[in-house]
1. Using 0.36 nm times the number of residues separating Q146 and E6, minus their current alpha carbon distance, what extension gain do you get?
2. Using the Kirkwood radius over Cα pairs, work out the Stokes-Einstein diffusion coefficient for the stretch 66-127 at 37 °C and 0.692 mPa s, in µm²/s as a whole number.
3. Protein chains only, probe 1.4 Å: how do I10, I25 rank by accessible area, largest first?
4. Give the angle, between 0 and 90 degrees and rounded to the nearest 10, that separates the Cα long axis of helix 61-81 from the longest principal axis of the Cα atoms of the chain.
5. Solvent-accessible area of E54, probe 1.4 Å, all protein chains present, reported in Å² to the nearest ten, please.
6. Note down the net charge around T22, summing +1 for each Lys or Arg and -1 for each Asp or Glu among other residues with Cβ under 12 Å from its Cβ.
7. Whole-Å semi-axes of the stretch 1-62's equivalent ellipsoid, largest first, each the root of 5 times a Cα gyration tensor eigenvalue?
8. In degrees from 0 to 90, rounded to the nearest 10, what is the angle of the helix 128-147 Cα long axis to the longest principal axis of the chain?
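The values are calculated or read from the model by the stated rules, or taken from the named source; none is laboratory data. Nothing here was measured: the structure is a model prediction, and the numbers come from that model. Here the Cβ positions follow ideal geometry from the backbone for every residue, glycine too, while neighbour counts run over all protein chains shown. We work out accessible area using only protein heavy atoms, side chains counted, and drop any ligands, DNA or RNA first. Shrake-Rupley method; radii C 1.70, N 1.55, O 1.52, S 1.80 Å.
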Amino acid sequence: MSEAVEAIKIGLKQEPEGIVVTFRIQPEDFPEHLLLARINARFALAFQEIDDHEAPKPVDHELKSRRRQNANVMRAAIACGETSFQTFLSKAYPTHWAGGLGEGKVRAADAMRALLNVDSRKELSTDKDALQRFDALLAQYEMWKQGQ
């Protein structure tokens, strides 16, 4: 049985297993089967923000896309901070590594920008070709790790 109710988000926290969202549901709207369900029962949820007139608010697909794109920039920064990725770059691309500036993650970022032919890792959010090169580099890194 599927049932739709209005809920107000009143809390959010992050835990190692995932994100916990707290909603307030009016007692008269609360589904009885939810109350009777066992702990760890699984539910399918669908979310749609509504306005004060109960009408659905439009989804900002551009914002959603930007968030996804920014995740690639974060992936690049995280990779550069990994000691094993730095070792990979220094061994697989010694010329780019030697030509990099700084140490550790700074040098890894410099070498990565040179390898991907970008001026900034932020270009991974807008340049599809750069993103493909980045994905290929990460795939090569994963293969290298398996061989270690």
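1. Numbers: separation 140, 0.36 × 140 = 50.40 nm, distance 4.83 nm.
Once the chain is fully extended between Q146 and E6, it gains 45.6 nm.
2. Taking Rh from Cα pairs, D becomes 284 µm²/s.
3. Working: I10 90, I25 45 Å².
From most exposed to least exposed: I10, I25.
4. Roughly 40 degrees between the two axes.
5. The value for E54 is about 110 Å².
6. Working: positive: K9, K13, R24; negative: none.
Around T22, the surrounding residues sum to +3.
7. Numbers: eigenvalues 94, 66, 28 Å².
Over the Cα atoms of the stretch 1-62, the ellipsoid semi-axes are 22, 18, 12 Å.
8. With rounding to tens, the tilt is 80 degrees.
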